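S.K.: Please see the structure below; I have some questions.
The values are calculated or read from the model by the stated rules, or taken from the named source; none is laboratory data. Note that the coordinates shown come from a computational prediction; the quantities given were computed from them, not determined experimentally. Backbone-built Cβ (ideal geometry, glycine too); neighbour counts: all protein chains shown. For accessibility, only protein heavy atoms count, side chains too; no ligands or nucleic acids. Shrake-Rupley method; radii C 1.70, N 1.55, O 1.52, S 1.80 Å.
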Amino acid sequence: MSAGRANWNAPQNTLITICGDGYSLELAPDKTKLLRFGRFAARDATRLGEGAPGTFDFLGFTHYCGRSRAGRFKLKRKTSKKKYRAKIADMKSWFRSQLTTPLCEVWRILRSKLQGHYQYYGINDNWPNLMKYFGAVRRLSFRWMRHRSQTGANLSWTDFYVYEARHSLPMPRKITDLIAMSR
């Protein structure tokens, strides 16, 4: 890491090369930054007047410093806002493309799409974002059912709840405990 720090002041358009353990990694300075992160990040940031500790996005999650219920430091993750917006936009365009597809087929595919989302994003501390996604998909499916035909425009939320009771959408259930996996 010291080689990376030595080259940190390189011009913006060049790549920084870090060599170690036989691997050569290149970091683009415009996409890379040092941020205060870890157990003492909040204390150090307030002492230096920097505000809150930094966050970073990686693999569709925003990683941030938090506290456990016991009050100790905990690395927390939640769905990245950028990925959330992209997933909702994809779902909206998918619904738009399915206007003439039979309802039973669309509902079957929608269930598998939701299940896949829950399997990837269903981790510690991300429950509120899973429920937010479920609610957004539910509203999109209601709008989609109303746009399917002229009679669908009369569909009320009550009618939708009746249909949903018979053909339920999966709710997020099982959360993967990343902390227990690391032990």
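S.K.: Let me confirm something: among ASN129, ASN124, which residue is modelled with pLDDT under 90 and either among the polar types (S, T, N, Q) or surrounded by 17 or more Cβ atoms within 10 Å (Cβ to Cβ) (or both)? Please lay out each step first, then the result.
M.R.: Working: ASN129 fails: modelled with pLDDT under 90.
Going through ASN129, ASN124 in turn, just one is modelled with pLDDT under 90 and either among the polar types (S, T, N, Q) or surrounded by 17 or more Cβ atoms within 10 Å (Cβ to Cβ) (or both): ASN124.
S.K.: Follow-up. Output the number of the condition that THR62 fails; it satisfies all remaining conditions of (1) of a type in the set (Val, Ile, Thr); (2) part of a loop (DSSP other than H, G, I, E, B); (3) at pLDDT 75 or above.
M.R.: With (1) of a type in the set (Val, Ile, Thr); (2) part of a loop (DSSP other than H, G, I, E, B); (3) at pLDDT 75 or above applied to THR62, the lone miss is (2).
S.K.: If you don't mind, there's one more thing I want to ask. Would you please list the contacts, defined by Cβ atoms under 7 Å and residues six or more apart or on different chains, that run from a residue in region 146-164 that is in contact (Cβ under 8 Å) with a residue 24 or more places away in the chain to a residue that is part of a loop (DSSP other than H, G, I, E, B)?
M.R.: Note: pairs meeting the criteria are HIS147/LEU99; ARG148/LEU99.
S.K.: Another question, if that's okay. If you check LEU140, LEU130, which single one turns out to be farther than 17 Å from PRO172 by Cα and in contact (Cβ under 8 Å) with a residue 12 or more places away in the chain? Break it down stepwise before answering.
M.R.: Details: LEU130 fails: farther than 17 Å from PRO172 by Cα.
Matching residue, one of LEU140, LEU130: LEU140.
S.K.: I need the full set of residues from region 146-168 which are modelled with pLDDT of 90 or more and of a type in the set (A, V, I, L, M), in order please.
M.R.: Passing the criteria: VAL162, ALA165.
S.K.: For region 41-52, which residues satisfy the criterion of being assigned to a helix (DSSP H, G or I) and either touching a His at 6+ places or on another chain (Cβ under 8 Å) or open to solvent by 40 Å² or more (accessible area, probe 1.4 Å) (or both)?
M.R.: Step one: of region 41-52, the residues assigned to a helix (DSSP H, G or I) are 41-47.
Passing the criteria: ALA42, ARG43, THR46, ARG47.
S.K.: Residues of region 99-126 being over 19 Å from ARG139 (Cα atoms) and touching a residue at least 40 places away in the same chain (Cβ under 8 Å), which ones?
M.R.: Scanning region 99-126 gives TYR120, TYR121, GLY122, ILE123, ASN124, ASP125, ASN126.
S.K.: Taking the condition open to solvent by 50 Å² or more (accessible area, probe 1.4 Å) and touching a helix residue (DSSP H, G or I) at 6+ places or on another chain (Cβ under 6 Å), does ARG111 pass? Full working, then the answer.
M.R.: Numbers: open to solvent by 50 Å² or more (accessible area, probe 1.4 Å): yes; touching a helix residue (DSSP H, G or I) at 6+ places or on another chain (Cβ under 6 Å): no.
So ARG111 does not fit the description; no.
S.K.: Look through ARG138, ARG166 and report the one residue that is among the charged types (D, E, K, R), more than 22 Å from LYS82 (Cα to Cα) and open to solvent by 60 Å² or more (accessible area, probe 1.4 Å). Reasoning before the result, please.
M.R.: Working: ARG138 fails: more than 22 Å from LYS82 (Cα to Cα).
One residue alone meets the criteria, ARG166.
S.K.: While we're here: Of everything in region 56-67, what is under 21 Å from MET131 (Cβ atoms) and more than 12 Å from the chain's Cα centre (by Cα)? Give them in sequence order.
M.R.: Matches in region 56-67: TYR64, GLY66.
S.K.: Can you name the residue in region 54-107 that is among the β-branched types (Val, Ile, Thr) and in contact with a Ser or Thr (Cβ under 9 Å, 6 or more places away or on another chain) and is also farthest from ARG148 (Cα to Cα) among such residues? Before the answer, list the steps.
M.R.: So in region 54-107, the residues among the β-branched types (Val, Ile, Thr) come out as 55, 62, 79, 88, 100-101, 106.
Adding the requirement that they be in contact with a Ser or Thr (Cβ under 9 Å, 6 or more places away or on another chain) leaves 55, 62, 79, 106.
Working: THR55: 42, THR62: 36, THR79: 31, VAL106: 12 Å.
Going through the qualifying residues, I end up with THR55.
S.K.: With respect to the numbered conditions (1) more than 22 Å from ILE175 (Cα to Cα); (2) under 14 Å from the mean Cα position of the chain (by Cα); (3) basic (Lys, Arg), which one is the sole condition not fulfilled by ARG96?
M.R.: (2) is the only condition that ARG96 fails.
One line per residue, one yes/no per condition, for (1) at pLDDT below 85; (2) within 18 Å of TYR121 (Cα to Cα); (3) surrounded by 13 or more Cβ atoms within 10 Å (Cβ to Cβ):
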position	(1), (2), (3)
ARG39	yes, no, no
GLY54	yes, no, yes
GLY71	yes, no, no
MET91	no, yes, yes
PHE95	no, no, yes
GLN98	no, no, yes
